[in-house]
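What follows is a set of notes on a single structure, which appears directly below.
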Amino acid sequence: MSGQLAASFSKPIFIATWPFGKSACEKSKSVLGAGGSLLDAIERGINLTELDETVDSVGYGGLPNADGVVQLDASFMDGRGQKAGAVAALEGYPNPISVARRIMETTRHVMLAGSDAARFADQNGFQSRDMLTAEARKSWLDFKARRARGNAEDEKSHDTISLLGLAADGHLAGGCSTSGLAYKLPGRVGDSPLIGSGLYVDGSVGAAGATGIGENVLRYCGSFLIVEFMRQGMTPTEACEKAIRRIGAGEQKPLEQLSVNFVALRQDGLVGAAGTDVEFLCAVVDASQSVLIRPSLVR
Ligand code: ASP
């Protein structure tokens, strides 16, 4: 299936992480088709995943931190004018991507964090809600019981939606949203809201987004690195693979232990993806098709 990444897609093109990214990309395409802007398309595509409570790693339904509190991270970038907005450790609001976009569009800042980010959301008319679903609470209680028995060391539950889009007129943008690592230390911020780590867009070159263990991405500015490799002429898949190998060399650990996965989209419409997780899939939606693709596995 990874051969499909070499296939040419025609604009508008959306690419996102994980199978849940497929319906998000389809939503993005329909928003654009109905006359919305590319930024509307990306925001509303990601909103769909954020509001899907069956997705336990993004938005409402996301697994909480070690205290049982859902803390969300998100970032948004517009390739036109190098604009960015981000929110970290946001509590009580199910659509952090929309808060990130609002920060980008209405303030002179890039990132707000914690309780002041929630205050900003409230002041901007976002509806707060109890974010801990019954299912997520049950998982958290199970985690606490495992921890009390001393076997909750290796919590693997996490994922992110990183969604990148290229409109027919060449406009490039992207967004990234997650509840982060399940049962993380309260206040932990991952790669997703950090510009250049979980997400990077350069309107004249391309865009990249990440999913996996944020600590292994943010110490290498993974998404920025991929865009820079594309600037040097690499295809999106080559750029993702090279960034993963760079991280692997830095960590001096087997790649399969790193959990770093990327999607990328070049300004000319070429898409690509690579990861260290065998289960990593990405979704691509273009003018005429909607497909799930198995990215290049880097080992
Ligand atoms: N990168 C996210 C984080 O570390 C989690 C994931 O995408 O799996 O917060």
Gaussian network model of the chain, springs between alpha carbon atoms under 10 Å - residue of Ser75, Ser57, Ser259 with greatest fluctuation: Ser259
Out of the stretch 91-187, which GluC sites (Glu not before Pro) are coil in DSSP terms and have no more than 11 other C-beta atoms within 10 Å? Glu153
Restricted to the stretch 35-154, the DSSP antiparallel beta bridge percent, nearest 5, is 65 percent
Whole-Hz couplings from phi, Karplus 6.51/-1.76/1.60, listed for the stretch 75-88; x for Gly and Pro: 9, 9, 9, 10, x, 7, x, 6, 9, 8, x, 7, 9, 10
Percent relative contact order for the chain, counting Cα pairs under 8 Å at least six residues apart, stands at 24 percent
Extending each Cα 7 Å along its Cβ direction at Glu279 and Gln82, get the distance between those two points in nm, one decimal. 3.9 nm
Once Lys and Arg are counted +1 and Asp and Glu -1 for all other residues with Cβ under 12 Å from that of Pro186, the total becomes 0
By the scheme Lys and Arg +1, Asp and Glu -1, what is the net charge of all other residues having a beta-carbon under 10 Å from that of Gly214? 0
Candidates His109, His171, His158; GNM for the chain (alpha-carbon contacts under 10 Å) flags as most fluctuating His109
Residues with amide H under 5 Å from that of Ala173, placed H, sequence gap 5 or more: Gly79, Gly165
Springs between alpha-carbon pairs under 10 angstrom, Gaussian network model over the chain: which of Ala145, Ala88, Ala24 fluctuates most? Ala145
Find how much the distance from Gln127 to Val69 grows on full extension, using 0.36 nm per residue of separation minus their present alpha carbon separation; answer in nm with one decimal. 19.1 nm
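Throughout, read-outs are computed from the coordinates displayed, never taken from laboratory work. This one's a predicted model, so the numbers in the text were calculated from it and none came from an experiment. Virtual Cβ from ideal backbone geometry, glycine too; neighbours counted across all protein chains shown.
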